[in-house]
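No lab work stands behind these numbers, since they all come straight from the coordinates. The shown structure was predicted, so the numbers you read here are calculated from the model rather than taken from an experiment. Cβ atoms come from the backbone with ideal geometry, glycine included; neighbour counts cover every protein chain shown.
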Amino acid sequence: MSFNKLAVSAVNGALEIQPALANINFDFSLWKVAPPKEFEGVGAALTTFRRNEAENGCAHRTARKLGALFEKVLPTTPKLIKAYGQRASEISKASSIDAEARAAYGVFASRVGADATSLWAAATSGSSAIAVHLLACMLAKIWEAPEATSIWVEITEKRKKEINDDFEQNNISDMASLAAAKQELTRSQISEWDASARAWLGVADTEKCRQQKQLMLILENVQTSVNKIPETYSSVISAWKNALIQMEGLINGVSQEAQGGDIILGLSAWHLFPDLMVVAPRPTPVRQRDPIFAHGGVLTIGLVNPNTQDRGVHWSLPLAHLRHYGVPVVSLRSIDSNERSRISTGELLLATFGCVLQGWGEAGNNTLQAVTWLNNVGRLLEKSRSAGGRSACILLEGDAALSWFSLLLAAARQYLESQGNERKTANKLILLGRKHGKRFLDRPAEPLFGLLGVPSTVRPDNSQGNPSTHKPEARPTDIVAGISSESSMLLSRVGQRGSYVNLITADDDKIHFLRMVALNIAGGMSLDPTQIFIRYKRHYPKWSKHVYEYTTALPWHRATPKRKFDESKSGADGHTRWLYRGGSLLRRGTDRRYYDRLDATFPETGDLQRIPGDFWEFHKSKNSSVRPGTDRNIFTEEEGQSICQEFENRKRFYASLGEHTIDRESELIEDFDSMRMGVFWDNMGCVGGNQGQTPWYRLIYGDENSAGLFVVEGRGNMLALIRSNGTEAADFSSLFEAGKIDATAISNQLLRTFHNANAAVDPHLKALKAVSTAAAMYRKFPNTSVDVRILQQPIWKAAWVKECYDAPPEQDMDRIPSSLEPYHLERSTAFACIAMFESGIYDIDPSLLENVIAMSSIDSIYIGGALLLDPQELAYSGDIRRVLGNIGRPGMAFLIPPVDPMIREVKMAEWSRIDRDEFDGDMRDCFESTSLHLSFTGANTPINLGFSGGQDVDVYLLETLISLRDGGEWIADLDIFNTIDNVRLRKMSDCQDHNHNNVVAPHNFTAIDNWFGLIDAPETPMSIVRAHKNWQARLAATTISIALGYETVVLSDHPCWCCFNNKAKEMAWGKFLKVIIIG
């Protein structure tokens, strides 16, 4: 029966109206109506608890009050209500959880499943209440919870005032509206209404994820406001009515044109998808194939405003009720995914990859190149692993599969495998990370995991100017490592530019690559061909020996006079190689200039033992008694002959390539300790006519122990400016594409790099480990999402990350490097981590969450694993489980037990209820009527996130009772987590060593078959609670036993009494303290 029928007649005159007012303050909100049949699927999917709340509780009263309050301002939209009921029932059915699955969540079973409480409350309160629910979804879609609550408070107050003013001015008013205006609506009721709608929105977004993503892609170029009305009440009512009217028209088959963003907001909030005609940038029809609109109209969208900087559909409102004090806060929100949305963990990893690329600077500018490079790295690691490579196995298998490095490899594969809209979305996610995630990971010291040997950020080279003008900022890594913040800091921190040459498989490929680099830099550095050369290591594996050989980096002609390098003449020139022929390389005499530098470089007496003994003249001049050996490989006569024969073959081969060959032994080249001393080659310049040229050359590019470019001393300062990081990255990537990189070499190099890394002093690495930790945890949470704003937080500074331990670098190359391992989280840090990713903004000190047992936020309950497990099962502290559902409270609630949970007393008059007898060996369940129930004491404490002046508490601790009931009768309140690590708790696991059939169960036990028998102190030393395979009863019994101070032993489903007896003797169970056995 409609309430309007109670008072529909107009009343003339104030004297006749006043008596009627005395009868309108009764609580009509308790009335309910039969829901439209299209909504029946919603009710069927609700738990009994939620359905009762929706039909008889606070949610129902709120729905009735709001529906009656706004009924007269709303248009009639029967087709929309019918269509929305069909869609809501469809979503409810798809997300429903059956009773058996719910039971696995124990005390939380009644809160598990989609929270459609407000929706069902609206459906049982009339069509106007359903329309109010639709507004709740619109507001929840675009506004934060405190903002939406503030909007609700303002529009309800304005609507009440509007009704009362109409009555006072005209003495005429609709009695139902006037009655609704007299009803109290508290802020807490409104916030719970918003929270339920917000939870439903999360469920619906998940179930309609594909359609929602497609809609967002279509609307990405739409730039419009919901409306431009500056006053909150008028703006909201206008947007609400327009969206309702236009959607009703579309369902009726009448095409519509979007004049503002209100209907677009309605589409995304109500999960109804009509066909579209997108006008800009060019007319494009979009078939969304929603069966609800099989005969519906088309929505034309052409809303692009080039004069606005606000992306997407946005809404600006002055919020007068957001804070306790001050002028209204003008807030602007948008449904643009770059500003506020939720993304899956897979999408977060792509965005994180964008953050990594942004941190690589020039080396990461080309997304496809960087992704392809990383994928090629992964393929080489797989190749090495298949061949039995130990390093690759360590990097890819076991716990390493959860490392941040493996996650980046997976992101690269995901990107390359994507096509069409998926590739388009992947690019947007990477761009999201690049643009908004600059603080998320901090910048790395070096790009591409240090393989390039260059810093992430290239600083100007001021080495030739005033040294005091160049003082790069010292990073924590450099300070701890003892590296001074001078211009050489980055070189010391990063390593040698081009050191990745050592990853190239063949020596000739290394030389070919270095010659290409030389051509690239020679012009800019004004290098003569005789001022740069290549040194490379020639290996003799069968003798485990090596020598260094030399070759020209640029083509040159020995007969030409001195000239600068000219690429146009290079075609007429050729290359020369100085190859080892098998002779002696010992130095019995060396140029005085070399000895002078040797003396300056090694001034201390203790340094002499580091200088090869074949510098006999130098040692003699020092009167040194030290006679060290030589660092050079000495070949036997037989080996020398073999090398000589090989030399002739090599000479002919290089001659066929147009290269001249000279004996290495014929040149006075001294290369002892080339990194500090340099290479001394006296006649290199003389060959080209540069008699005055210094004989000293320095390594400027490549790897000292493999192959590198050496340039005449004093000429390598401009290398970083001439050869950019982007060029380095492109060349490095091309080596992978050409198949020139050795799989084993890069596996070993990466493993060494990661073993030497130290997250304790490297913010970028610490951030990556934090991301991998969160990813590892969220792998257990299917169909979950995170707030995109997490990308704007410096995660390495988060309070929960600071609580994590970073092991120092170690030399054990046979295990996963600590720099790759995700962090091990305790329960409090795990909840703090989830809170940060769930909200995108909350950085909560884990010390405030020490006693938290569960957390509820939007459409998720995160539960400490021990609450859902049999006490015999092992549950580590950081084990958190996620389930779809919530506790029906707004904001983010952290559930904590009371300080001293109560257990009922067994009174003398209840002696007949104590059920104990001698244990007969029968393991059975005598606690089938046991159940666990969740409730709240009403006590809550806000968590300090900094003073905001806001009226709503967003994050709080909520005192929660887990009550044990037997057949509905209260027995105790439980603090389960206080049980897990208690010293009085013992667990007996299954036994494989004894024949269970031949071992008789002990008969000196007392069998406890009800709760009174456990609570009333048993008289025998050992008693057994018979709750066999009833995990909830066993968990409750264990908790009560520990709380009562008993030694407690939890048996497995198939206990071995032989093992039990042995353990009982060993531990002297029952001799000094009473023991409760959980059977």
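Here r is the Cβ-Cβ distance between residue 900 and residue 987 and R0 is 25 Å; the resulting FRET efficiency, rounded to 0.05, is 0.45. Once the C-beta distance of residue 365 and residue 282 is scaled by a Förster radius of 22 Å, the resulting FRET efficiency is 0.15 to the nearest 0.05. If you bin all the Cα-Cα distances of region 854-1078 at 5 Å, starting from zero, the percentages per bin are 1, 6, 13, 17, 18, 14, 11, 8, 6, 4, 2, 1, 0, 0, 0. Secondary-structure-derived ellipticity at 222 nm for the chain, considering helices only, amounts to -12000 deg cm²/dmol, per-run term -39500 (n - 2.57) for DSSP H runs with n ≥ 4. In units of the compact-protein estimate 2.2 N^0.38 Å, the chain shows a Cα radius of gyration of 1.23.
Between residue 637 and residue 158, the modelled label-to-label distance comes to 10.7 nm, taking each label 7 Å out from Cα in the direction of the beta carbon. A crude spin-label estimate for the pair residue 924 and residue 94, with each label 7 Å from Cα along the Cβ direction, gives 4.8 nm. Simple rule: put +1 on each Lys or Arg Cβ and -1 on each Asp or Glu Cβ in the chain, find the dipole, and look at 1030, 1067, 252; the Cα lying farthest toward the positive end is 252.
Expressed in nm to one decimal, what extension gain is obtained for the pair residue 779 and residue 1066 from 0.36 nm per residue of sequence separation less their Cα-Cα distance?
99.1 nm
Close amide H pairs (under 5 Å, H built 1.01 Å from N) link residue 300 with 256, 257, 258, 277, residues at least 5 positions away or on another chain.
Computed from the C-beta positions of residue 704 and residue 850 and an R0 of 60 Å, the FRET efficiency is 0.70 to the nearest 0.05. Amide hydrogen proximity for residue 314: with H placed 1.01 Å from N in the peptide plane, the residues at 5 or more positions away or on another chain lying under 5 Å are 224, 225, 226.
Among the trypsin sites (Lys or Arg not before Pro) in region 880-914, those located in a DSSP loop and surrounded by at most 10 other Cβ atoms within 10 Å of their own Cβ are 907. Residue separation of residue 621 and residue 721 scaled by 0.36 nm, minus their Cα-Cα distance, works out to 31.7 nm of gained length. If you take the Cα centroid of region 777-811 and the Cα centroid of region 911-963, the two points sit 30 Å apart. Kirkwood Rh over alpha-carbon pairs of region 3-334, then Stokes-Einstein at 20 °C and 1.002 mPa s: what D in µm² s⁻¹, rounded to an integer? For the chosen part, D equals 103 µm²/s.
Of all DSSP-defined beta bridges confined to the chain, some 70% are antiparallel rather than parallel. A full extension of the chain between residue 1019 and residue 824 corresponds to an added length of 65.9 nm, given 0.36 nm per residue minus the alpha carbon distance.
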